[in-house]
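Heads up, the thing below is written out as structure tokens.
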Amino acid sequence: MSFYGLLDLSVWQLILTTLVLTHVTIVSVTIYLHRHSAHNAVELHPALAHFFRFWIWLTTSINTKEWTAIHRKHHATTETEDDPHSPVVKGIRKVLWEGAELYEEAATPETLERFGKRTPEDWVERKVYTPHKHLGIAILAVVNLLLFGVHGIWIWAVQMMWIPLLAAGVINGIGHFWGYRNFECADNARNIVPLGLLIGGEELHNNHHSFPHSPKLSRRWYEFDIGWFWIRVFQFFGLARPKGVRAIGLRIPGKREVDLETVQAIANNRMQIMRAYRKDVLEPVLREQKNRVARELRPLYRRARKLIVREETIIRPKERRSLDQILEENELVRHLHDKAQELQQLWQRTSLRPQEKVQALLEWCRQAEASGIKYLEEFAADLRSYALRPAS
Ligand SMILES: [Zn+2]
Ligand SMILES: [Zn+2]
């Protein structure tokens, strides 16, 4: 055995190996901890599930119950004082650089008890993984030294930094702070970049908060979720079974009746629907109205385009003032604003019973059709025509 370990790799081989190793860790976190354990969005073959659990213990010293509980709590309390890692509440610096410490703090017995149900409690969990949380990474250091010699040290350091920085810091920090939004979900979750390669698809965090039980995180044609790619590969080999893939809504020309299927199709397609509302209803009305008002008020109408459909809780104080001004100013715009909010209630108010949602949607369409606003009438007719197509 040389100074450079049993494998004696070149620099490029070492870099490639490190990237592969960290990718396996990321895939374990996103598929096993996140999509399987926390959200129950994918079933895994016991052998694969255990491989992931072992790998996470070996390379990160994360405990399944702790991670699962903290993550479920994050979804239940997003962007409030109770959220274990909200950059909106705790500040972006803290979440970005001290992500792992925030997990340590959050893992209280009450949190584990309340949010940690349905996590492994078998012999190896009770005797090895949980009581000897840091043994894995110590073994890893030795294995690295054996395989890679002195290079094993920096490879180990990279492995140790990867999850705290990329997963805890970048997703929980940047994914709730910067980036773009497909959906107006009721918190500040954002998609970081459309290509989910480095962090296993977790980059698409706004999509995830909008559909937390979906095993697939990409939503638009240009978004790619590599975690979903791996789930499909495992599925091909009979090792994984994704659950809760949402049926896609489609429009059936001439369909007029509003039923449960219409409500579900609309909720599943809410991104397209809110975009259509903005483009086909709001924008033409705002354009027409803008030409009727005094010149100094026109910039207000331009800004209102986005603000009117934005989730209330994330509107900044300055934007709030612009919005209030135009809503007070223009009754027609206020009406469209209220209609947008009402529509979003359909999928945001989880307390509504299915039949109440059907009634609410029907009422929404009737009012829209009687509003005398041509664009709104046409939009309501489009809503009525939605139905479900089973997911492929
Ligand atoms: Zn989040
Ligand atoms: Zn989640």
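So that you can scan it fast, the table gives a plain yes or no per residue for (1) away from ligand 1 (no atom under 11 Å from the Cβ); (2) assigned to a helix (DSSP H, G or I); (3) farther than 15 Å from Trp97 by Cβ:
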{"position": "Val143", "(1), (2), (3)": "yes, yes, yes"}
{"position": "Leu147", "(1), (2), (3)": "yes, yes, yes"}
{"position": "Trp154", "(1), (2), (3)": "yes, yes, yes"}
{"position": "Leu165", "(1), (2), (3)": "yes, yes, no"}
{"position": "Ile171", "(1), (2), (3)": "no, yes, no"}
{"position": "Trp178", "(1), (2), (3)": "yes, no, yes"}
{"position": "Glu184", "(1), (2), (3)": "yes, no, yes"}
{"position": "Asn188", "(1), (2), (3)": "no, no, yes"}
{"position": "Val193", "(1), (2), (3)": "yes, no, yes"}
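Can you tell me which of (1) crowded, with 20+ Cβ neighbours inside 10 Å; (2) more than 15 Å from ligand 2 (Cβ to nearest atom) is the one Ala167 doesn't meet?
Exception for Ala167: condition (2).
Give me the pairs: first residue in segment 283-307 and under 16 Å from Glu328 (Cβ atoms), second residue of a type in the set (D, E, K, R), beta-carbon distance under 7 Å, and six or more apart or on different chains, which are they?
Hits for this filter: Leu286/Arg305; Tyr301/Lys290; Leu307/Glu319.
Considering only segment 49-74, how many residues are within 20 Å of Pro215 (Cα to Cα) and crowded, with 17+ Cβ neighbours inside 10 Å? Break it down into steps so the answer makes sense when it comes.
Step one: filter segment 49-74 for residues within 20 Å of Pro215 (Cα to Cα), giving 49-53, 56, 64-65, 67-74.
Within this subset, residues satisfying the condition of being crowded, with 17+ Cβ neighbours inside 10 Å are 49, 52-53, 56, 64-65, 67-74.
Of the residues in that region, 14 qualify.
For segment 32-48, name all the residues that are within 16 Å of Val233 (Cβ to Cβ), part of a helix (DSSP H, G or I) and not charged (D, E, K, R).
Correct list: Tyr32, His36, Ala47, Leu48.
Determine if segment 60-70 includes at least one residue that is more than 22 Å from the chain's Cα centre (by Cα), more than 16 Å from ligand 2 (Cβ to nearest atom) and part of a helix (DSSP H, G or I).
So far as segment 60-70 goes, yes, one or more of its residues are more than 22 Å from the chain's Cα centre (by Cα), more than 16 Å from ligand 2 (Cβ to nearest atom) and part of a helix (DSSP H, G or I).
May I ask you to say which residue of Arg114, Arg118 is assigned to a loop (DSSP other than H, G, I, E, B) and either away from ligand 1 (no atom under 16 Å from the Cβ) or within 25 Å of Trp156 (Cβ to Cβ) (or both)?
Arg118
May I ask you to verify whether Val95 is out of contact with any Gly (no Cβ under 6 Å at 6 or more places or on another chain), in a helix (DSSP H, G or I), within 13 Å of ligand 1 (Cβ to nearest atom) and touching a residue at least 24 places away in the same chain (Cβ under 8 Å)?
Here the answer is no, as Val95 does not meet what is asked.
Would you mind finding the one in Arg232, Arg220, Arg246, Arg241 that is in a strand (DSSP E or B) and surrounded by fewer than 20 Cβ atoms within 10 Å (Cβ to Cβ)?
Working: Arg232 fails: in a strand (DSSP E or B); Arg220 fails: in a strand (DSSP E or B); Arg246 fails: in a strand (DSSP E or B).
Sole residue among the options that is in a strand (DSSP E or B) and surrounded by fewer than 20 Cβ atoms within 10 Å (Cβ to Cβ): Arg241.
For Tyr103, indicate whether it is aromatic (Phe, Trp, Tyr) and within 16 Å of ligand 2 (Cβ to nearest atom).
yes
Check Ala265 against each of (1) outside any loop (DSSP other than H, G, I, E, B); (2) out of contact with any Phe, Trp or Tyr (no Cβ under 7 Å at 6 or more places or on another chain); (3) at pLDDT below 90 and name the one condition it does not meet.
Of (1) outside any loop (DSSP other than H, G, I, E, B); (2) out of contact with any Phe, Trp or Tyr (no Cβ under 7 Å at 6 or more places or on another chain); (3) at pLDDT below 90, only one is false for Ala265: (2).
Within 14 Å of ligand 2 (Cβ to nearest atom), on the phi > 0 side of the Ramachandran plot, crowded, with 21+ Cβ neighbours inside 10 Å and in the same structural domain as Leu48 (by TED's automatic domain parsing): does that describe Gly201? Step through it out loud before you land on a result.
Details: within 14 Å of ligand 2 (Cβ to nearest atom): yes; on the phi > 0 side of the Ramachandran plot: yes; crowded, with 21+ Cβ neighbours inside 10 Å: yes; in the same structural domain as Leu48 (by TED's automatic domain parsing): yes.
Taking the combined requirement at face value, the residue satisfies it.
Search segment 5-34 for residues being within 16 Å of ligand 2 (Cβ to nearest atom), closer than 16 Å to Met160 by Cβ and not small (Gly, Ala, Ser), and hand back the single one that is surrounded by the most Cβ atoms within 10 Å (Cβ to Cβ).
Val29
I'd like to know if segment 127-136 contains one or more residues that are under 24 Å from Val42 (Cα atoms) and touching a residue at least 24 places away in the same chain (Cβ under 8 Å).
Yes: one or more hits.
The values are calculated or read from the model by the stated rules, or taken from the named source; none is laboratory data. Please read all numbers here as calculations on a predicted model, not as lab measurements. Because the Cβ atoms are built from the backbone with ideal geometry, glycine has one as well, and the counts that use them run over all protein chains shown.
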